[in-house]
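Below is one structure, written out as structure tokens; the observations come after it.
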Amino acid sequence: MDNRDSPRALSAHESDPPQFGVYIHWPFCLSKCPYCDFNSHVRRAEIDEPRFVRAFASEIATTAARAPGRTVSTIFFGGGTPSLMQPATVGAILDAVARRWRVAPDVEITLEANPTSVEASRFRGYHTAGVNRVSLGVQSLDDRVLKELGRLHSAREAIEAVHIARSVFERYSFDLIYARPQQTPQEWADELKQALREAGEHLSLYQLTIEPETPFAALHAAGKLSVPDDDTARALYDTTQDICAAHGLPAYEISNHARPGAECRHNLVYWRMHEYAGIGPGAHGRLDIDGDRHATATEKRPESWVSRVEQEGHGLVTDEVLTREETADEFLLMGLRLAEGIDPQRFAALAGRPLDASRIAALRENGLVETTPAGRLRVSLPGFPVLDAVVADLAA
Ligand SMILES: C[S@@+](CC[C@H](N)C(=O)[O-])C[C@H]1O[C@@H](n2cnc3c(N)ncnc32)[C@H](O)[C@@H]1O
Ligand code: SF4
């Protein structure tokens, strides 16, 4: 038994009633971080928030007409930097959601926030608007590193923002990026322990990814930025798992750690393959309509998205019905990120064929996957660093 068994049991389970999430994308940032390839844009002029609110409300109404009768269990404001929105904007978008769908009494409403003091000063307003969970992009607790990452906040500001979040919201989380240039496992262990002293019920710990076409990718290609080699990356990953588990925040997903019962319910909607609406520029959604699973995506450029919504009521540029095979592959890709793993029967129902027993046996022999006593298939702790290869093998 590893630390993902029993006391690790998730509070909710994939066999629980269907969940419906609403993702709202706010596409603006004060500056562009050199590692980031999210759909985020910097604008000199002030953003016309009332115009965006009307467009969000319109796209929510159009989506609800296609997917009526759902009960919203989670709402997530992601970005970009949603904490640049006025609280009234957040409130108006939440009202628009509630006008079109039933909202569960225990709905989880998360907002991603950057930890500058200006933004932290809005936290009470977001709470009054209905937000009950905040996720802060702390990234590092070292000022030198924050500068290298192009962040606009200091470590002190980040910690102050965490303290404000803690005093205002029922639930909070923060993000750190590790496996950074030259980072040693010992340095990371010290930083992570410091972070855990500030952490509540949830932490997201991402290994730095060099995303194509970012300034970091150019530096990397020019030999001016080096990321840890495979062995160091592995040591950093193991350090993360050991320290977090010992602190009572084991991984419930490859990069996400929580006390049992405090997982981000919105992200579980994605990983357990429930339904979600993607609203706003560049948002992705998955809707089950008349027995088909639709993969949706909207126009990425904010101003083009607004114009499109004003003309057509939505900003959709992609609306594809996924085949059985595509749906089943996505189920593997998402579900195997979770410590709870997947139900092989659900894969068989989606794919119309069972998983290949000989491939599972080979992966099991190599210690990369395991079957739980309940018959679920999951990636083992040693398998997580090579998750993509495991999924590709099972999906083949
Ligand atoms: C949508 S992003 C940013 C949210 C918010 N704007 C911020 O920067 O704090 C969510 C998280 O993804 C992580 N992230 C973004 N780019 C990354 C990269 N290239 N490698 C690893 N983590 C990354 C960061 O930890 C970030 O907080
Ligand atoms: S990391 Fe966050 S603040 Fe930086 S550009 Fe990306 S979305 Fe914006």
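The values are calculated or read from the model by the stated rules, or taken from the named source; none is laboratory data. These numbers come from a predicted model, not from an experiment. Neighbour counts run over all protein chains shown; Cβ positions are idealised from the backbone, glycine included. We work out accessible area using only protein heavy atoms, side chains counted, and drop any ligands, DNA or RNA first. Shrake-Rupley method; radii C 1.70, N 1.55, O 1.52, S 1.80 Å.
Tabulated values for the structure
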item: Residue within segment 28-39 that is in contact with a Pro (Cβ under 8 Å, 6 or more places away or on another chain), within 16 Å of ligand 2 (Cβ to nearest atom) and of a type in the set (S, T, N, Q) present; result: yes
item: Some residue of segment 90-106 being touching a strand residue (DSSP E or B) at 6+ places or on another chain (Cβ under 9 Å) and within 16 Å of ligand 1 (Cβ to nearest atom); result: yes
item: Odd one out for Glu119 among (1) at pLDDT 95 or above; (2) touching a strand residue (DSSP E or B) at 6+ places or on another chain (Cβ under 7 Å); (3) farther than 24 Å from Glu299 by Cα; result: (1)
item: Segment 38-60, subset touching a helix residue (DSSP H, G or I) at 6+ places or on another chain (Cβ under 8 Å) and acidic (Asp, Glu), residue farthest from Arg308 (Cα to Cα); result: Glu49
item: Any chance Glu191 is of a type in the set (Asp, Glu), closer than 24 Å to Ala251 by Cβ and part of a helix (DSSP H, G or I); result: yes
item: Sole exception among (1) of a type in the set (D, E, K, R); (2) more than 18 Å from Leu203 (Cβ to Cβ); (3) within 12 Å of ligand 1 (Cβ to nearest atom) for Arg156, by number; result: (3)
item: Residue within segment 174-193 that is within 29 Å of Thr89 (Cα to Cα), within 16 Å of ligand 2 (Cβ to nearest atom) and open to solvent by less than 10 Å² (accessible area, probe 1.4 Å) present; result: yes
item: Test: residue in segment 315-326 that is within 21 Å of Thr63 (Cβ to Cβ) and surrounded by 19 or more Cβ atoms within 10 Å (Cβ to Cβ); result: yes
item: Residue check, Ile24 among the β-branched types (Val, Ile, Thr) and either surrounded by fewer than 15 Cβ atoms within 10 Å (Cβ to Cβ) or in a loop (DSSP other than H, G, I, E, B) (or both); result: no
item: Cross-chain or 6+ apart pairs with Cβ under 6 Å, segment 163-174 first and in contact (Cβ under 8 Å) with a residue 60 or more places away in the chain, then open to solvent by less than 80 Å² (accessible area, probe 1.4 Å); result: Arg171/Arg133; Ser173/Ser135; Ser173/His202
item: Filtered residues of segment 126-148 (kept if within 16 Å of ligand 2 (Cβ to nearest atom), within 20 Å of the chain's Cα centre (by Cα) and either within 14 Å of Pro82 (Cα to Cα) or among the aliphatic types (A, V, I, L, M) (or both)); result: Val134, Ser135, Leu136, Gly137, Val138
item: Residues satisfying the stated conditions in segment 45-62, i.e. open to solvent by less than 20 Å² (accessible area, probe 1.4 Å) and out of contact with any Asp or Glu (no Cβ under 7 Å at 6 or more places or on another chain); result: Phe52, Phe56, Glu59, Ile60
item: Which listed residue is open to solvent by less than 30 Å² (accessible area, probe 1.4 Å), assigned to a helix (DSSP H, G or I) and modelled with pLDDT under 95, from Leu350, Leu387; result: Leu387
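Table: residues versus (1) crowded, with 19+ Cβ neighbours inside 10 Å; (2) more than 16 Å from ligand 2 (Cβ to nearest atom); (3) within 18 Å of the chain's Cα centre (by Cα).
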{"site": "Arg43", "(1), (2), (3)": "no, no, no"}
{"site": "Thr71", "(1), (2), (3)": "no, yes, no"}
{"site": "Val97", "(1), (2), (3)": "yes, yes, no"}
{"site": "Leu111", "(1), (2), (3)": "yes, no, yes"}
{"site": "Arg124", "(1), (2), (3)": "no, yes, no"}
